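The block underneath contains the structure these notes are about, expressed in structure tokens.
The values are calculated or read from the model by the stated rules, or taken from the named source; none is laboratory data. On a predicted model such as this, the values are computed, not experimentally measured, just so you know. Ideal geometry is used to build each Cβ from the backbone, glycine not excepted, and the neighbour counts take in all protein chains shown. Surface areas here come from the heavy atoms of the whole protein model, side chains and all, with no ligands, DNA or RNA. Shrake-Rupley method; radii C 1.70, N 1.55, O 1.52, S 1.80 Å.
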Amino acid sequence: DWWSLQPLTVVRAPNIDGSPAGWSASPIDRFIYAKLHEKGLQPSPPADRRTFIRRATFDLLGLPPTPVEVEAFVNDESSEAYEKLIDRLLASPHYGERWARHWLDVIRFGESHGYEQNHLRERAWPLRDYVIRSFNQDKPFNRMIIEHLAGDQVAANNPDVEVATGFLVAGIHDTVKIENVE
């Protein structure tokens, strides 16, 4: 019965009478609205432009927008204002910095060994920078995993990829030796 073991099926987006005009920008919105409707809830109104740029910038970059960026977005009357904003945020080097932090936490990356002695790893930064670059280049997840596990094999003599195998030793490392006590 486990969901991940079920065969894939085509699911049509629900049509709910009475959904707010213009609220359903994509089929995903219709699924969300159906659940809200089922629970007797209504969607919140769209965010105003100042709120939207703050939310989008914090979500994608982890930083607030500058006052100049806010005013430029608020005053942009073009029909592509939202798309231009999101494209600009995704193209920012801060995007990779923000999202690489999550991945580095998952792989237990540290710039020191941890534990009692906690020695600094002076050459850990190339792996960190590789992960940031990978996010900024929108590298496919499966490619990043292959490079983590075998970067030295799939791209021999390419230091920008070989460094990814640092993943194999990126976690904490106990340097305290346990002696055999009799």
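Within the stretch 1-31, the set of residues being under 22 Å from Glu83 (Cα atoms) and either in contact (Cβ under 8 Å) with a residue 40 or more places away in the chain or part of a loop (DSSP other than H, G, I, E, B) (or both) comprises Ala21, Gly22, Trp23, Ser24, Ala25, Ser26.
A single member of Thr9, Thr66 is hydroxyl-bearing (Ser, Thr, Tyr) and open to solvent by less than 70 Å² (accessible area, probe 1.4 Å), and it is Thr66.
Just to be sure, is Phe73 open to solvent by less than 60 Å² (accessible area, probe 1.4 Å), at pLDDT 95 or above and in contact with a Phe, Trp or Tyr (Cβ under 9 Å, 6 or more places away or on another chain)? The answer is yes for Phe73. Scanning the stretch 132-151 for residues being more than 20 Å from Gly96 (Cα to Cα) and either open to solvent by 70 Å² or more (accessible area, probe 1.4 Å) or in contact with a Cys (Cβ under 7 Å, 6 or more places away or on another chain) (or both) gives a total of 1. Selection of first residues in the stretch 37-50 that are within 17 Å of Tyr82 (Cα to Cα) and among the acidic types (Asp, Glu) and of second residues that are surrounded by 12 or more Cβ atoms within 10 Å (Cβ to Cβ) and modelled with pLDDT under 95, restricted to Cβ pairs under 6 Å at least 6 apart or on distinct chains, gives an empty result.
Can you say whether Arg108 is open to solvent by 70 Å² or more (accessible area, probe 1.4 Å) and modelled with pLDDT of 95 or more, as far as the supplied structure shows?
Numbers: open to solvent by 70 Å² or more (accessible area, probe 1.4 Å): yes; modelled with pLDDT of 95 or more: no.
When the stated conditions are applied, Arg108 does not pass them.
Just one of the numbered conditions (1) open to solvent by 70 Å² or more (accessible area, probe 1.4 Å); (2) farther than 22 Å from Leu90 by Cα; (3) within 20 Å of the chain's Cα centre (by Cα); (4) touching a residue at least 24 places away in the same chain (Cβ under 8 Å) is not true of Ala170: (1). Quick check on my filter: what residues within the stretch 21-45 are surrounded by 12 or more Cβ atoms within 10 Å (Cβ to Cβ) and either polar (S, T, N, Q) or in contact with a helix residue (DSSP H, G or I) (Cβ under 8 Å, 6 or more places away or on another chain) (or both)? Those that are surrounded by 12 or more Cβ atoms within 10 Å (Cβ to Cβ) and either polar (S, T, N, Q) or in contact with a helix residue (DSSP H, G or I) (Cβ under 8 Å, 6 or more places away or on another chain) (or both): Trp23, Ser24, Gln42, Pro43. Exactly one residue out of Glu77, Glu97, Glu71, Glu38 is among the acidic types (Asp, Glu) and under 26 Å from the mean Cα position of the chain (by Cα): that is Glu97.
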